Amino acid sequence: MRRRTPSPPPPLPQRDGVDPVRVRLPAGDAWATVRDHLVARLSAGAGVIDGMLDAGLIVDVTGRPVPRDMAYAPGMSVWFHRELPHEERVPFEIDVLYRDEHLVVADKPHFLATTPRGSHVTETALARLRRELGIPTLGAAHRLDRLTAGVVLFTVRPEERGAYQSLFRDRRVSKEYEAVAPYDPALVLPRTVRSRIVKERGVMAAYEVEGEPNAVSRVESLEHRNGRARYRLVPSTGQTHQLRVHMSALGVPILGDPLYPVVTPPVPAGDFRRPLQLLARSLAFTDPVTGREHRFVSPRVLRAWSSYEAWAA
């Protein structure tokens, strides 16, 4: 297998736990200058790019400002910090379950994205932990949906990140989730759900299609009361929104789900009511670096089970 060439270290420091943007100039293009390529490639506009160049905010691999007339050189990289819009603070804290020289294991709250993406940049678990723990090298070994709470694994040393990511890629992590959803006495559980799930880029909801299954989930009912049940979910695969799709297909969509079975209008910014009642309860694996056996468990209680009226208010 051909190994990827590691990226050069950023010549700019992080801001608020967020790395600078790296732009690599592709081969085959025939731009006269770096400036011309950036104007064409980025959506900021010529005036913004020129202003950043004149202010010395775009730098090369050595950290030196890129002048407007720097010749285009295929393969070179430039870095800059993007201006970030105001983000509504997610009013819930991240609990650190475990920390050593290799790992940080966090219990992520609902509504907080795992890593910077789209409009969620500084208000992400990764950026917050980098700031709060003072570990600028921290990286995510995997991700949870923004709306899902629970156990997330982060790595301290960039050179070890691949080893921990391979645990998830090779399905060598035991994962258990918990959900609160309607109770259907006609639904026979436990059962293993197998289907083929497709998630198209730019489309919010995933969906099932005919074909070879690529998503496998074990669904068990733990207890039920007042028309609701607490479910234990054990995925064997990791398709996007897999558990949410499977629960909806069984006729018991997870409470608070804005996508399944139907996509609902987005809530206003700052509305943190009725979180999705899905929790990544535990992770267990053999540490690929130390050989230790690990099992991490979130102590969170899903509110629609402990206090439905408060959750639904």
Within segment 181-189, can one find any residue that is part of a strand (DSSP E or B) and either open to solvent by less than 70 Å² (accessible area, probe 1.4 Å) or under 25 Å from GLN277 (Cβ atoms) (or both)?
-> yes
Picking from VAL301, VAL263, the residue that is closer than 19 Å to VAL152 by Cα, in a loop (DSSP other than H, G, I, E, B), open to solvent by 50 Å² or more (accessible area, probe 1.4 Å) and among the hydrophobic types (A, V, I, L, M, F, W, C) would be VAL301
For segment 119-138 the number of residues that are over 20 Å from SER7 (Cα atoms) and part of a loop (DSSP other than H, G, I, E, B) is 5
State whether the residues of segment 225-243 include one that is in a strand (DSSP E or B) and surrounded by fewer than 15 Cβ atoms within 10 Å (Cβ to Cβ).
-> yes
With (1) within 18 Å of PRO299 (Cα to Cα); (2) β-branched (Val, Ile, Thr); (3) more than 16 Å from the chain's Cα centre (by Cα) as the list, and VAL104 as the residue in question, which single condition is left unmet?
-> (3)
Given (1) within 24 Å of the chain's Cα centre (by Cα); (2) open to solvent by 30 Å² or more (accessible area, probe 1.4 Å), number of the condition GLY17 does not satisfy | (2)
Going by the conditions given, is GLU88 touching a residue at least 60 places away in the same chain (Cβ under 8 Å) and either small (Gly, Ala, Ser) or open to solvent by 80 Å² or more (accessible area, probe 1.4 Å) (or both)?
-> yes
Tell me which residues, restricted to segment 291-313, are of a type in the set (S, T, N, Q) and out of contact with any strand residue (DSSP E or B) (no Cβ under 9 Å at 6 or more places or on another chain).
-> SER306, SER307
Within segment 156-180, the count of residues that are surrounded by 16 or more Cβ atoms within 10 Å (Cβ to Cβ), closer than 21 Å to ALA280 by Cβ and over 18 Å from the mean Cα position of the chain (by Cα) comes to 3
Which pairs have Cβ atoms under 9 Å, sit 6 or more apart or on different chains, and link a residue in segment 110-131 that is within 11 Å of ILE94 (Cβ to Cβ) and touching a residue at least 40 places away in the same chain (Cβ under 8 Å) to one that is among the aromatic types (Phe, Trp, Tyr) and open to solvent by less than 10 Å² (accessible area, probe 1.4 Å)?
-> LEU126/PHE154; LEU129/PHE154
For segment 95-114, how many residues meet the condition of being surrounded by fewer than 17 Cβ atoms within 10 Å (Cβ to Cβ) and either among the charged types (D, E, K, R) or closer than 21 Å to HIS81 by Cβ (or both)?
-> 4
Mind counting the residues in segment 41-58 that are closer than 19 Å to LEU12 by Cα and free of Cβ contacts under 8 Å to residues at least 12 places away in the same chain?
-> 3
State yes or no: is SER195 farther than 30 Å from TRP311 by Cα, open to solvent by less than 40 Å² (accessible area, probe 1.4 Å), assigned to a strand (DSSP E or B) and small (Gly, Ala, Ser)?
-> yes
Only residues that are within 21 Å of the chain's Cα centre (by Cα), free of Cβ contacts under 8 Å to residues at least 40 places away in the same chain and open to solvent by 80 Å² or more (accessible area, probe 1.4 Å): list them for segment 204-223, please.
-> TYR207
Go through ARG273, ARG201 for me and flag whichever is part of a loop (DSSP other than H, G, I, E, B), at pLDDT below 95 and closer than 19 Å to LYS108 by Cα.
-> ARG273
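The values are calculated or read from the model by the stated rules, or taken from the named source; none is laboratory data. Only a predicted model underlies this, so the values are computations on that prediction, with no experimental measurement involved. Ideal geometry is used to build each Cβ from the backbone, glycine not excepted, and the neighbour counts take in all protein chains shown. SASA here: full protein model, heavy atoms, side chains in, ligands and nucleic acids out. Shrake-Rupley method; radii C 1.70, N 1.55, O 1.52, S 1.80 Å.
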